[in-house]
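Written below as structure tokens is the structure these notes are about.
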Amino acid sequence: MNTVKHTARVARLTLNPIWLALTTALALPATALHAEEHSHTLDLDNVPVTGNPLGVASDDMVVPVSVLGGRELSLRRQGTLGETLNGIPGVTATQFGPNASRPIIRGLDGERVRIMQNGVGILDAGSLSFDHAVAIDPLIIEQIDVVRGPAALLYGGSAVGGVVNAIDHRIPKESLNGATGRAEARFGGPDSTRNGAAVVDVGNGTFAIHADVYTRETSNLDIPGYAVSKRKALADGTARTNNGKLGNSSANADGAALGAAWTFDTGYLGISYANMNNNYGVVAEDNVRIDMDQQRWEMAGEVRELRGPIQKLKLRMAHTDYQHVELEDGEVGTTFKNRGMEGSLEATHVPVAGINGVVGYQFQNTRFQALGEEAFVPNVVTQTQALYVYEELPIDKHKITFGGRLGETSVNSTADDKFTQAFNNRFNPNSFALGGLYTIDDAWSATANLSHNERAPSYFELYANGEHVATGQFEVGNVNLNKEVSNGIDAQLKWKANGHSVTLGAYATRFQNFIGLFNTGNVIETEPGTFVPEAAFQAVPAMFKGLELEGKFALNDEWTLKMRGDYVHAKDTRNNEYLPRISPLRLGGGLDYRLGNWNARVDVLRAFKQNDVAENELKTDGYTNLSALLAYKLPVKYHVELFAKANNLLNDEIREHASFLKDISPAGSRSILVGARADF
């Protein structure tokens, strides 16, 4: 990393008024900030979550939802959003090295998994390229909701595979009289991480102020053996280099935020500002680093207990100014910018014939720019707007859910010296869903959801035309693509009794025209004597289906047994060929022990060998990831916990089949990470 550049950035952040406000708050005596001792324990099975605007608990959702929050999220945090969620049933990660990893849900990623922050899209450039990190740092996130399966009805076509909503509470929503907060730090791991975060909320019962700050620094990743796999070395003769270390995989990141809200008995209104910086190495290229900066303003408000046909109004809006530059040997190569605004206004109506529901309007307006020699997409303005309705009809202990979404999307490119022709595309993606929950008895229930989903092609699927260095391909878009259409069914059988629970789910999604990037078999000469394989965006019929399993058994007051598993099967139905980068069968389990202030757990995840591969895709060996945790709560007033985590205890060579870099970038080697977290 450029030392002068990093020093200047730290100085700039240190002088930021957000940091000054936060350090002032942290300097106050603890007794002045502490209003009363309280617990942060959440019953995650009953927390209202993303995917149902009526605020029902996760147990009452028709679509499968996973919730991470509180202590469990704190102990699970990794350097990226993708790695934090990897291992949840149905969720894997793109794993483009240790610094850029997006969640994959049921084999779908990119523009089919909508990543949000506080219910609003993050508007970064993460879906454009796998080496672009998601502009969310897990260190300051308080809760993560994962909707597995189509959620296009509420969030648009980019949620056809699912939704990940990272919630940070930067806009306080509840009345606070006194102060609350948390702090944590951790050291070690395979990348020798050094990171810390602090969050403070202070209020007088009417007004509340939030401040947070974090910093993260990592070194090159320790790996078990060589970076290049044996399979790749045998397939194309690539030399097996970088033994024990993954080159150019270090990172430096920091950020801070300040928010404020007026809270009252029937709602709140607030605003927040956040800045994040992230400088990290691109492991696919030894001399390239990405330097990212994002500024984000958010506004949110809610008014409840209204009179008339509308019971509640909810507003969410965010303006994002995102930029990252790709530094080649310290010099600026390509610059990517994405600036835009997204928001929604949602109204909850009074029950009509026993039916509860909401009507909403959602909009997004973004301007994307790619500047530099390696820009492979033109400058683009994308505008979307949609009206949606979601309704629930309770019938005794059962319920029926239904709704629809009518949308409009325009994608307009600009001509320049490199992209000599401008294009204008317009789509009307519409989605519909019908679901139900049937309560069999006090312990058993079943859910099912039918959905019709439509997605407008993204700007890079339409207009890409150039060498994409990160994937080693010359990518060609297709301006004649139509909207992507799919139909899906999702079903779950749930059992819950006496502290035990088991959920078994099955799903199938048939795409009429799945838009994917496929190798054409041609090569393009990008420079004299340099040839790159050509890959084109095409629409093909496809079928995704799979199984998910999750269970928990309270053996006694001290011991808890957990189990999980998932399987995805995805094919191009034109020729019955497998689609690329589909995760294999995974089975896992864990044993948790609690006694007094002590907590210990051991967890194992077995990913089987992936032999069902696409054309020109290498098979991937299976792996076993064994990990352990030991934690101790200090007998002090402010809920201080010390913990140690051991990862990859078998020192197995872990290569995720869903990763583009699986054959040159394995996961980290055996390691121990120690940390401390405190709540007040």
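The residue of region 516-538 that is farthest from K483 (Cα to Cα), among those that are crowded, with 16+ Cβ neighbours inside 10 Å and in contact (Cβ under 8 Å) with a residue 60 or more places away in the chain, is V532. Find the residue count for region 585-626, including only residues that are under 26 Å from V674 (Cα atoms) and outside any strand (DSSP E or B). Going through region 585-626 one residue at a time, the tally reaches 2. Taken together, G360, G340 contain a single residue that is touching a Phe, Trp or Tyr at 6+ places or on another chain (Cβ under 7 Å), crowded, with 18+ Cβ neighbours inside 10 Å, part of a strand (DSSP E or B) and not hydroxyl-bearing (S, T, Y), which is G360.
Considering every residue within region 536-559, establish whether at least one is farther than 26 Å from G472 by Cα, acidic (D, E) and assigned to a loop (DSSP other than H, G, I, E, B). Checked against the condition, which is being farther than 26 Å from G472 by Cα, acidic (D, E) and assigned to a loop (DSSP other than H, G, I, E, B), region 536-559 yields at least one hit. Within region 431-468, the set of residues being charged (D, E, K, R), over 30 Å from L493 (Cβ atoms) and over 23 Å from the mean Cα position of the chain (by Cα) comprises just one member, E467.
Among the residues of region 286-324, those identified as buried (at least 20 other Cβ atoms within 10 Å of the Cβ) and either of a type outside the set (D, E, K, R) or not in a strand (DSSP E or B) (or both) are V288, I290, M292, Q294, A300, A318, T320, Y322, H324.
Picking from residues in region 638-669 that are in a loop (DSSP other than H, G, I, E, B) and among the basic types (K, R), the one that is nearest to T94 (Cα to Cα) is K662. Residues in region 623-678 that are of a type in the set (V, I, T), out of contact with any Leu (no Cβ under 9 Å at 6 or more places or on another chain), surrounded by fewer than 19 Cβ atoms within 10 Å (Cβ to Cβ) and touching a residue at least 24 places away in the same chain (Cβ under 8 Å): I672 only. Against the definition (among the β-branched types (V, I, T), out of contact with any Leu (no Cβ under 7 Å at 6 or more places or on another chain), in a loop (DSSP other than H, G, I, E, B) and within 29 Å of A614 (Cβ to Cβ)), how does T509 come out, yes or no? In short, no.
From the list V389, V381, the lone residue that is within 30 Å of T526 (Cα to Cα) and part of a strand (DSSP E or B) is V381. Checking each residue in region 474-502 for being part of a strand (DSSP E or B) and buried (at least 20 other Cβ atoms within 10 Å of the Cβ) picks out F474, E475, E484, V485, S486, G488, D490, Q492, K494.
Taking first residues from region 429-445 that are without any contact (Cβ under 8 Å) to a residue 40 or more places away in the chain and partners that are among the acidic types (D, E) and part of a strand (DSSP E or B), the Cβ contacts under 9 Å between residues at least 6 apart in sequence or on separate chains come to N430/E454. Out of everything in region 195-226 that is under 25 Å from the mean Cα position of the chain (by Cα) and hydrophobic (A, V, I, L, M, F, W, C), what residue ends up being nearest to I654 (Cα to Cα)? Going through the qualifying residues, I end up with I223.
A Cβ distance below 9 Å, combined with a sequence gap of six or more or placement on separate chains, defines the contacts here; from region 353-378, residues that are of a type in the set (K, R) reach residues that are part of a loop (DSSP other than H, G, I, E, B) and modelled with pLDDT of 90 or more in the pairs R367/N379.
Among the listed residues R216, R182, R114, R170, identify the single one that is part of a strand (DSSP E or B), basic (K, R), surrounded by 24 or more Cβ atoms within 10 Å (Cβ to Cβ) and in contact with a helix residue (DSSP H, G or I) (Cβ under 9 Å, 6 or more places away or on another chain). On inspection, the qualifying residue turns out to be R114.
The values are calculated or read from the model by the stated rules, or taken from the named source; none is laboratory data. Just so we're clear, the structure is a prediction, and the values are computed from it rather than from any experiment. A quick note on method: Cβ atoms are made from the backbone with ideal geometry, for glycine too, and the neighbour counts reach across all protein chains shown.
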